Amino acid sequence: MTEQDQRTVDVVVIGMGVGGEAVAGELAKAGLEVVGIEDKLVGGECPYWGCIPSKMMIRAANLIAETRRVDGIAGKSTVEPDWAEVARRIRAEATDDWNDQVAVDRFTDQGGHFVRGRARFAGPGRVTVDGLEVEARRGIVLATGTVPVVPPVPGLAGTPYWTNREAVEATSLPSSMLVLGGGAIGLELAQVYSRFGVTVTVVEAMERLLPGEEPEASELIESTLADEGIVVHTGAAAERVSYADNTFTVEVGGRSLTAEKLLVATGRRIDLRDLGVDTVGLDPEAKALAVDERMRVDEKLWAVGDVTGHGAFTHVATYQAPIVVRDILEQPGPGADYRAVPRVTFTDPEVGSVGLTEHQAREKGIEVRTAIAQVPSSARGWIHKAGNEGLVKLVADREAGVLVGATSAGPHGGEVLGALSVAVHGRVPISELRTMIYAYPTFHRAIEDALRELGD
């Protein structure tokens, strides 16, 4: 792209993560002149530091755990974890050693124009990047994702702490690791590192792990981690951090916790600062951008992905992207509906949930009834034996007779969640769910058990 021939285009996409790349590519294939701008890697967090490499790590760690479960069921087993195999696979199979040329070529082959740099708004419909100003005839799509939250703990700034990126990129393992944050990212990485022999301690400021999930799921995960030797401190905010002699010290409730590495996994936030969003009437300090069901911020500005505040999930961004494309191309189609957004924490056991928790449903004034079935008591859970911890919890609207939320925790909990997501999204009457035939013996039969417990 040159200043002479690309000053005015149809659409500018700022941020080429999963959502932005999808929007930009589809619009380019449709024949529009599209400029995609990214200052890091095309594809964003998911393929390079998030969903894909982290699940490779989790798969490896789960194989270690499964091998250790052989005793008493299938004979005797020993396992010798080797992190080098995990690091090699992440580099060779997932990230191209953090090179995005394949993704860039994919976009330009679709007809798009790619610019590497940090974009800034220069007013409605105008963007600058590296001294070049680009005007968008149809509009701009903002898809800049999120960045890790770094809490203002005294002493933390300036230390060589890790975020998820350093934890994924590691070629060797520390002897010990402290994890600040008991959410999905922190717990997934804590369990992986522990299963590879690292001494791990988790510190969570809230009263329980996975504070956004059902309390029963939190109790399940805390118990599982404890059984695996991971020390967990809940209701314990970090008060001070220091680093000396290759050792981190974290002061928590009068105790001093030490480890070779410190992983900060206290959440993610959008970052609109330095983007010039005030020139288009937006607040640089906003926690999310308000969008309508067509993903519009205003007449010629759309947002997609994490910046919309509907969950820092790849599947939300890829759900929103076609809506943006249709709206820009003036094509008909349904708008966004977030009643049944699924999410999975890929610990072992997995914790999948969809829709409202019991607490959220009660806050909305719904007359709630709930039921819980224990996976170990289900047919497949009893057969599975080792590694069979889990539960299914249903949250129902008593008056409407439908599920408004559900949790599936256990082996393959994220896969079992699929049936519950359909039920919540489609508002399938509970009476209809009870007439279904549930394959035997499967983990999803725990849904049938929970429906029986739900009562009339």
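The values are calculated or read from the model by the stated rules, or taken from the named source; none is laboratory data. Note that this is a predicted model, so its numbers are computed, not measured. Neighbour counts run over all protein chains shown; Cβ positions are idealised from the backbone, glycine included. Surface accessibility is based on the protein's heavy atoms, side chains included, excluding ligands, DNA and RNA. Shrake-Rupley method; radii C 1.70, N 1.55, O 1.52, S 1.80 Å.
A few remarks follow.
- Test: residue in segment 357-364 that is open to solvent by 10 Å² or more (accessible area, probe 1.4 Å) and either part of a strand (DSSP E or B) or touching a Lys or Arg at 6+ places or on another chain (Cβ under 6 Å) (or both): no
- Residues of segment 248-271 that are in a strand (DSSP E or B) and of a type in the set (Val, Ile, Thr): Thr249, Val250, Val252, Thr258, Val264.
- Checked against the criterion of being touching a helix residue (DSSP H, G or I) at 6+ places or on another chain (Cβ under 7 Å), in a loop (DSSP other than H, G, I, E, B), open to solvent by less than 10 Å² (accessible area, probe 1.4 Å) and under 21 Å from Glu389 (Cβ atoms), segment 170-182 has no qualifying residue.
- Which numbered condition Asp39 misses (of (1) touching a strand residue (DSSP E or B) at 6+ places or on another chain (Cβ under 9 Å); (2) open to solvent by less than 40 Å² (accessible area, probe 1.4 Å)): (2)
- Taking the criterion of being open to solvent by less than 70 Å² (accessible area, probe 1.4 Å), of a type outside the set (Asp, Glu) and more than 25 Å from the chain's Cα centre (by Cα), the residues of segment 373-399 that qualify are Ala373, Pro376, Ser378, Ala379, Gly381, His384, Ala386, Ala396.
- Check on Gly418, modelled with pLDDT of 95 or more, open to solvent by less than 40 Å² (accessible area, probe 1.4 Å), in a helix (DSSP H, G or I) and not β-branched (Val, Ile, Thr): yes
- Contacts under 7 angstrom Cβ, first residue in segment 88-116 being under 15 Å from Glu21 (Cβ atoms), partner of a type in the set (Asp, Glu) and assigned to a strand (DSSP E or B), 6 or more apart: Arg116/Glu38
- Single match in Gly112, Gly145, Gly186 (criterion: under 22 Å from Leu289 (Cβ atoms) and surrounded by 19 or more Cβ atoms within 10 Å (Cβ to Cβ)): Gly145
- So Ala74, is it in contact (Cβ under 8 Å) with a residue 60 or more places away in the chain and aliphatic (A, V, I, L, M): no
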